Amino acid sequence: MVQSAQLGDRRTSVDDVFDFLFQEISDLRLRPGDKISEADIASRFGVSRQPVRDAFSRLANLDLLLIRPQRATEVKRFSMREIEKSRFVRASVEMEVLRRAARLCDGVNAAQLDASLMQQRAVMEAGDFDAFGALDYEFHKTLCAIAQVDFAFDVIMAEKSKVDRLCVLGLAKESRMPELIDDHQAIAEAVKAHDPDTAVKAGSLHLSRLDETIERISRDNANYFEPEGR
């Protein structure tokens, strides 16, 4: 989950509105094409329109909202071009993270990966999709820390957030948690074995899991996508 920028523990009404709408959009309670009103959100939170406008701007910067002058703001539809771009950027960064992690992984790091996988399997058995989403983020964040490139997670997170709504649809409708956790297991084993080539191969397979979901959703829910050429 993308966290709003904060200074220490200080929060603002902009943070509250942003976090609420981000989660609503990410969890598909607000779906692509749904319209939202500054006035309605301001009333809900008991704030003026300015914090709402600032939160809308943050969400637009994440390609989650479409703000148009004199027209209703709407949840942004998926763009096949933007999805391709985000996945390319993420894959490029993540493959280098895996190469570095495989070279640098030590015993403490290996234990961290094992603990993460144990947690993931526990939430899978409980059927907790939301908890798995959070643990998925943490797994990739841990890999960045092992690779000693914590900053790379900022890039991965930003690109991942742009397609996470598709991941939600894929998880909810296809119950792919076991497959994804098996991928994580394969990645972790290769990293612990100091085998960068196998880690990259497992990581590439993991990222490719969304291909079929994108194809299915674009076919069955064309209204969630921008028209071709737009």
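The values are calculated or read from the model by the stated rules, or taken from the named source; none is laboratory data. These numbers come from a predicted model, not from an experiment. FYI the Cβ positions are ideal-geometry reconstructions off the backbone, even for glycines, and counts take in every protein chain you see.
Please specify each residue of the stretch 130-140 satisfying the condition of being surrounded by fewer than 17 Cβ atoms within 10 Å (Cβ to Cβ) and either more than 14 Å from Leu117 (Cβ to Cβ) or among the aliphatic types (A, V, I, L, M) (or both). Give the derivation first.
To start, the set of residues in the stretch 130-140 that are surrounded by fewer than 17 Cβ atoms within 10 Å (Cβ to Cβ) comprises 130-131, 134, 138.
Once the filter is applied, which keeps residues that are surrounded by fewer than 17 Cβ atoms within 10 Å (Cβ to Cβ) and either more than 14 Å from Leu117 (Cβ to Cβ) or among the aliphatic types (A, V, I, L, M) (or both), the stretch 130-140 yields Asp130, Ala131, Ala134.
Yes/no per residue for (1) surrounded by fewer than 18 Cβ atoms within 10 Å (Cβ to Cβ); (2) in contact (Cβ under 8 Å) with a residue 60 or more places away in the chain:
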| residue | (1), (2) |
| --- | --- |
| Thr12 | yes, no |
| Leu30 | no, no |
| Lys35 | yes, no |
| Phe45 | yes, no |
| Arg81 | yes, no |
| Lys85 | yes, no |
| Glu94 | no, yes |
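Only one residue in Asp34, Asp54 is over 24 Å from Asn223 (Cα atoms) and of a type in the set (D, E, K, R), so which one is that? Steps first, please.
Details: Asp34 fails: over 24 Å from Asn223 (Cα atoms).
Result: Asp54 is the single residue among Asp34, Asp54 that is over 24 Å from Asn223 (Cα atoms) and of a type in the set (D, E, K, R).
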Exercise. So Gln50 clears everything in (1) surrounded by 18 or more Cβ atoms within 10 Å (Cβ to Cβ); (2) not assigned by TED's automatic domain parsing to the domain that holds Lys201 except one condition, right? Which one?
Worked result: (1)
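Quick check, is Arg100 of a type outside the set (Phe, Trp, Tyr), surrounded by fewer than 19 Cβ atoms within 10 Å (Cβ to Cβ) and over 19 Å from Ala158 (Cα atoms)?
Criteria not met by Arg100.
From Ser43, Ser86, Ser57, grab the single residue that is touching an Asp or Glu at 6+ places or on another chain (Cβ under 7 Å), modelled with pLDDT of 90 or more and assigned to a helix (DSSP H, G or I). Walk me through how you get there before you give the answer.
Working: Ser43 fails: touching an Asp or Glu at 6+ places or on another chain (Cβ under 7 Å); Ser57 fails: touching an Asp or Glu at 6+ places or on another chain (Cβ under 7 Å).
Result of the check over Ser43, Ser86, Ser57: Ser86.
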